[in-house]
Amino acid sequence: MAGALLRAGAHVATFTVAVLTAALLVAGGSALRRQIRRSGFAQLAATLLLSLAAVPVELVGGVSVSRVALAAIGRAIVFVSSALVVRAAFARTARGGATRNWLLHLLSIAIAVLGAITLYATGHAREASACAMAAGVCLVFAYQRPTVKQLKQVGLALSGLVLASATALAH
């Protein structure tokens with residue numbers, strides 16, 4: 001949301017929409033928490049929805065639809081890649097999860113790399129840089145292969161990635 005406010009300008013209207021959007025997401029996540037926790041697909045869908053939270057704020061702030069769409073694509077790639085890293089940590093602890101762990105890590109890297117290449121090739125360097133950062137972080141996690149016991153450190157690192165990518169997209 002902070003990145004969206006930077007892009008759109010912190011006016012009364014954008015701030016109001018940001019607060020309302022955040023409240024709706026929290027309420028929806030709270031109401032559906034059990035379903036989300038039980039399903040990997042639901043977790044990825046919720047992650048994708050969170051990545052789109054900035055869209056209403058940016059639109060109200062007068063950011064062009066094309067810029068909003070590009071930023072949303074960049075954020076979606078960063079968020080989904082990050083979620084796959086977390087899913088990989090859970091998969092590693094499951095019985096027979098070593099293969100699934102590697103597949104999830106590879107998928108997280110592939111999504112971020114393909115997003116970075118595609119966005120860069122189409123002349124969208126800001127969005128490509130956010131995806132490239134995600135690819136680098138996902139690559140490090142694939143090498144380190146964190147476990148569920150290391151989720152706090154993973155979460156802190158992924159929070160840093162989200163902040164860095166929001167900064168890259170904000171300008």
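The values are calculated or read from the model by the stated rules, or taken from the named source; none is laboratory data. As the structure is a prediction and not an experimental result, all values here were calculated from the model. Counting neighbours? That spans all protein chains shown, and the Cβs are built from the backbone with ideal geometry, glycine included.
Quickly run through region 139-158 and pick out the residues that are without any contact (Cβ under 8 Å) to a residue 24 or more places away in the chain and over 19 Å from the mean Cα position of the chain (by Cα).
Within region 139-158, 143, 144, 149 qualify.
Which residue pairs have Cβ atoms closer than 9 Å, lie 6 or more positions apart in sequence or on different chains, and pair a first residue in region 1-26 that is within 17 Å of residue 64 (Cα to Cα) with a second residue that is surrounded by 17 or more Cβ atoms within 10 Å (Cβ to Cβ) and among the aromatic types (Phe, Trp, Tyr)?
5/15
Looking only at region 126-163, filter to residues that are β-branched (Val, Ile, Thr) and in a helix (DSSP H, G or I); which one of those is nearest to residue 78 (Cα to Cα)?
Per the criteria, the residue is 162.
Out of the residues in region 112-171 that are of a type in the set (Phe, Trp, Tyr) and touching a helix residue (DSSP H, G or I) at 6+ places or on another chain (Cβ under 6 Å), state the one that is surrounded by the fewest Cβ atoms within 10 Å (Cβ to Cβ).
120
Considering only helices (runs of 4 or more DSSP H) fully contained in region 40-125, which possess at least 1 residues that are within 23 Å of residue 153 (Cβ to Cβ) and either out of contact with any Cys (no Cβ under 8 Å at 6 or more places or on another chain) or acidic (Asp, Glu) (or both)? Spell out how you get there, then give the answer.
Details: elements: 40-51, 54-60, 65-93, 98-121.
In region 40-125, the matching helices (runs of 4 or more DSSP H) lie at 40-51, 65-93, 98-121.
Inspect region 110-132 for any residue being free of Cβ contacts under 8 Å to residues at least 60 places away in the same chain, among the aromatic types (Phe, Trp, Tyr) and within 25 Å of residue 38 (Cβ to Cβ) and give the result as yes or no.
no
Test residue 73 against the criterion of being farther than 23 Å from residue 39 by Cβ and among the β-branched types (Val, Ile, Thr), and give yes or no.
yes
What is the residue count in region 10-54 for residues that are loosely packed, with under 14 Cβ neighbours inside 10 Å and of a type outside the set (A, V, I, L, M, F, W, C)?
Counting residues in region 10-54 that are loosely packed, with under 14 Cβ neighbours inside 10 Å and of a type outside the set (A, V, I, L, M, F, W, C) gives 11.
If you take the residues of region 55-109 that are of a type in the set (Val, Ile, Thr) and closer than 24 Å to residue 20 by Cβ, which of them is surrounded by the fewest Cβ atoms within 10 Å (Cβ to Cβ)?
Only one residue tops the list, namely 65.
Might you let me know whether region 71-87 holds any residue that is among the aromatic types (Phe, Trp, Tyr), at pLDDT 95 or above and closer than 15 Å to residue 168 by Cα?
Taking region 71-87 and keeping what is among the aromatic types (Phe, Trp, Tyr), we get 79.
Narrowing the set further to residues that are at pLDDT 95 or above leaves none.
Within region 71-87, not a single residue is among the aromatic types (Phe, Trp, Tyr), at pLDDT 95 or above and closer than 15 Å to residue 168 by Cα.
Is it true that some residue in region 100-117 is at pLDDT 90 or above, touching a Ser or Thr at 6+ places or on another chain (Cβ under 7 Å) and among the hydroxyl-bearing types (Ser, Thr, Tyr)?
yes
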